[in-house]
1. Given the conditions (1) of a type in the set (A, V, I, L, M, F, W, C); (2) under 22 Å from Glu175 (Cα atoms); (3) modelled with pLDDT of 95 or more, report the number of the one that Leu80 does not fulfil.
2. Quick one: is Ala66 surrounded by fewer than 23 Cβ atoms within 10 Å (Cβ to Cβ) and at positive phi?
3. Of the residues that sit in region 48-61 and are part of a strand (DSSP E or B) and of a type outside the set (Ser, Thr, Tyr), which one is surrounded by the fewest Cβ atoms within 10 Å (Cβ to Cβ)?
4. With the requirement that a residue be in a loop (DSSP other than H, G, I, E, B) and over 12 Å from the mean Cα position of the chain (by Cα), what does region 62-77 give you?
5. Restricting the search to region 105-138, which residues are in contact (Cβ under 8 Å) with a residue 24 or more places away in the chain and part of a helix (DSSP H, G or I)?
6. Could you tell me whether region 54-71 includes any residue that is under 14 Å from Phe8 (Cβ atoms) and either modelled with pLDDT under 95 or touching a Lys or Arg at 6+ places or on another chain (Cβ under 9 Å) (or both)?
7. Can you name the helices (runs of 4 or more DSSP H) wholly within region 146-195 that have at least 2 residues being more than 18 Å from Asn50 (Cβ to Cβ) and of a type in the set (A, V, I, L, M, F, W, C)?
8. Restricted to region 84-104, and to residues that are assigned to a strand (DSSP E or B) and in contact (Cβ under 8 Å) with a residue 12 or more places away in the chain, which residue is surrounded by the most Cβ atoms within 10 Å (Cβ to Cβ)?
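The values are calculated or read from the model by the stated rules, or taken from the named source; none is laboratory data. What you see is a predicted model; the values in this text were computed from it and never measured. Every residue, glycine among them, receives a Cβ derived from its backbone with ideal geometry; neighbour counts consider all protein chains shown.
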Amino acid sequence: MDEGYIKFNCNWIKAAPCPKQQIENINAWRDRLYQLGLIGAYPNGIGFGNISIRSDGQTFVITGSATGNFKRLDEFHYVLVTEYDLMQNSLTCSGPIKASSESLSHAVIYESSSETKAVIHIHSMEKWKKYIHKFPTTKTDVLYGTPEMANEIERLFRETDVPEKKIIIMGGHEEGIITFGKTLDEAGKLLLDLL
């Protein structure tokens, strides 16, 4: 199992944490999803699930790597993604920790949908099995955190109704489900409606 491991080239600039007020809403949703077991950690300690909000332009704030083990997060558990290059499989982030291993998937959603302001990625085996191929689904041979996954998400935006449904089932990332929206509340409601 390679869950939770960063697969992109991460240029991490150690910096001060995000302002508390910037993460209040994202943290409230993260708390709720953690309580539901949709974000968390496996028994082996590897974390899963992440949540982000667009900051400015193509920059976004996202939960940091290896934060799934923590019941509650604070400003020291979030990071700002400032640049990324899908073709080079690289990302630049600044903050107290490195960005989530799924940051490039979030990045390509923001790039593909200018109206999107929030992205949520959770794990649920039950709902993944129920909804795979019923909602836009990435190919089953494409792994998370890779340029191929980013390309697959781009393909879904071009070839399916994912811009309207705002739900992605990650075919090659067992348990992985993504929702997104114009607000974090929209993305969260879409997710809760699936449950």
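1. Looking at each condition in turn, Leu80 falls short on (2).
2. Working: surrounded by fewer than 23 Cβ atoms within 10 Å (Cβ to Cβ): yes; at positive phi: yes.
Spelling it out, Ala66 is indeed surrounded by fewer than 23 Cβ atoms within 10 Å (Cβ to Cβ) and at positive phi.
3. Asp56
4. Those that are in a loop (DSSP other than H, G, I, E, B) and over 12 Å from the mean Cα position of the chain (by Cα): Ala66, Thr67, Gly68, Asn69, Phe70, Lys71, Arg72, Leu73, Asp74.
5. Once the filter is applied, which keeps residues that are in contact (Cβ under 8 Å) with a residue 24 or more places away in the chain and part of a helix (DSSP H, G or I), region 105-138 yields Ser105, His106, Ala107, Val108, Ile109, Tyr110, Glu111, Ser112, Met125, Lys127, Trp128, Tyr131.
6. Taking every residue of region 54-71 in turn, at least one turns out to be under 14 Å from Phe8 (Cβ atoms) and either modelled with pLDDT under 95 or touching a Lys or Arg at 6+ places or on another chain (Cβ under 9 Å) (or both).
7. 147-159
8. Among those residues, the one meeting the criterion is Ala99.
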